[in-house]
Amino acid sequence: MKKIWLNTSLVPVKKAKVSALDRGFIYGDGVYEAVRVYQGKIFRPEGHWKRLDGSLKSIHMKIPWSHKFLTEVCRKTAQANGLKEALVRVTISRGVGELGYDPSTAKHPTLTGIATPVRQDLPELWEKGVKVAIVKVRRNHVKSLSPAIKHTNSLNGILAKIEALKSHAFEGVFLNLDGYLAEGTISNIFIVKRGVLKTPSLSCGILDGVTRHALIELAKKIGIRVLETEIHEKEVFSADEVFLTSTTMEAMPVTQVNSQKIRDGRPGPVTKTLQRAFRALVERELGIRV
Ligand code: PDD
């Protein structure tokens, strides 16, 4: 990594420093988005900025940066690091203020843009599928710290990731406090049963994923029935197919949950169809070949 966007400009990584008094550091008081750059072009920036606006509103914070500016931050940061294919994380914290939870003394939010390469083994993983672990730690309750907010207070996800890594799983999957399926630590989850696509509804306590949204749209267009609903843990084990969605994973087949294989332990036809449809959508919207 060569350069990071810091507030107004790109700076060398070594100079990209934020104050020890920044509320992002002290309290996890901030929000973020992670945006996919394909061949230098950004997929659905407005989807991300709309969600960012929602996150900011939820934490009672305003920023001086326009959507257009944030899109440029992503494009320029990827470019400055020589990355045509990238994930750019835009993090916005409430900035420096007096100690204490009262945020009113923090007048200037901090903005960073960090571009990382997209992992190289994705095509292999799409082909083989991945293992996930349903973790013991539960997703934050919607009425506590809503998972719909993409905030930088990430310990719920970090604890789940630590648990998942202990069982060598690619991703940890949360249940909500009622015992229904919620989402992965950095992904949404779908199951397929008898041709019907099911995914936890927003009220189950999940992030409204940009990829989830696109996949639901595509499935409906193809004529697949989609249900956004409560899904019991048991339904995952008896599903015909399971897959995860996220900005980098797109539609990632899940072939094992905990120690149990999903059906024959190979990626299923609906997942493959949707992954192909998603790639075609990226090509259409961005005018590229992926
Ligand atoms: N994660 N759920 C959670 C908790 C997430 O953090 C993410 C995204 C998603 C999927 O959302 P989308 O399709 O908009 O990427 C669901 C990003 C990739 C991250 O944290 O890096």
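The values are calculated or read from the model by the stated rules, or taken from the named source; none is laboratory data. All of these numbers come straight from a predicted model, not from anything done at the bench. Every residue, glycine as well, gets a Cβ built from its backbone with ideal geometry; the counts of neighbours run over all protein chains shown. Keep in mind that these areas ignore ligands, DNA and RNA; they rest on the heavy atoms of the full protein, side chains included. Shrake-Rupley method; radii C 1.70, N 1.55, O 1.52, S 1.80 Å.
What would the Debye equation give as log₁₀ I(q)/I(0) for the chain at q = 0.08, 0.13 Å⁻¹, counting only Cα atoms as equal point scatterers?
One equal scatterer on each Cα of the chain leads to -0.35, -0.93.
Rounded if a/c is under 1.5, else prolate if a/b beats b/c, else oblate: with a ≥ b ≥ c from the C-alpha gyration tensor eigenvalues square-rooted, which is the stretch 3-118?
Here the stretch 3-118 falls in the oblate category.
Heavy atoms only, 1.4 Å probe, whole protein assembly: order L218, L83 by accessible area, highest first.
The ranking, largest first, comes out as L83, L218.
In whole percent, and with a 1.4 Å probe on the protein chains, what portion of the accessible area of the chain is carbon and sulfur?
Its accessible area is 55 percent carbon and sulfur atoms.
Heads up, I need the accessible area for D264: 1.4 angstrom probe, whole protein in place, Å², nearest 10.
90 Å²
Work out the FRET efficiency for S104 and S154 from their Cβ-Cβ distance, taking R0 = 30 Å, and round it to the nearest 0.05.
After rounding, the FRET efficiency stands at 0.80.
Would you kindly state how much longer the chain becomes between S167 and R89 on full extension, computed as 0.36 nm times their sequence separation minus their alpha carbon distance, in nm to one decimal?
So the chain would gain 25.3 nm between S167 and R89.
If you roll a 1.4 Å probe over the heavy atoms of the protein chains, what accessible area per residue do you get for the stretch 3-118, in Å²?
For the stretch 3-118, the per-residue accessible area is 52 Å².
For Y27, Y38, what's the largest-to-smallest order of accessible area, 1.4 Å probe?
Solvent-accessible surface, decreasing: Y27, Y38.
With a cap of 12 neighbouring Cβ atoms within 10 Å, and only residues DSSP puts in a loop, list the trypsin sites (Lys or Arg not before Pro) found in the stretch 168-228.
R194, R225
Given a 1.4 Å probe and heavy atoms of the protein chains only, how would you sort K150, K2, largest accessible area at the top?
Ranking K150, K2 by accessible area, largest first, yields K2, K150.
Looking at the stretch 123-286 only, what percent of DSSP beta bridges run antiparallel? Nearest 5 please.
65 percent
For the stretch 54-72 and the stretch 124-200, what is the separation of their C-alpha centers, rounded to whole Å?
The stretch 54-72 and the stretch 124-200 have Cα centres spaced 26 Å from each other.
For the chain, what is the calculated [θ] at 222 nm in deg cm²/dmol (nearest 500), taking -39500 (n - 2.57) for each run of four or more DSSP H residues and dividing by its residue count?
-9000 deg cm²/dmol
So which of K150/K198; K220/K261; K3/K128; K62/K131; K84/K128 end up more than 30 Å apart, counting from Cα to Cα?
Over 30 Å Cα-Cα: K3/K128; K62/K131.
Which of L215, L87, L177 moves most in a GNM of the chain, Cα contacts under 10 Å?
Ranking L215, L87, L177 by mean-square fluctuation puts L177 first.
Quick one: which residues, 5+ away or cross-chain, put their amide H under 5 Å from the amide H of T229? H built at 1.01 Å from N.
Sorted by chain and number, the residues that satisfy this are T199, S201.
What full-extension length gain, to one decimal in nm, is calculated for K221 and R138 as 0.36 nm per residue of separation minus the Cα-Cα distance?
26.5 nm
Can you give the FRET efficiency to the nearest 0.05 for D53 and F237, using r as the Cβ-Cβ distance and R₀ = 35 Å?
Result of the calculation: an efficiency of 0.40.
Ignoring ligands and nucleic acids, what accessible area does T273 show with a 1.4 Å probe (Å², nearest 10)?
My reading of the accessible area for T273 is about 50 Å².
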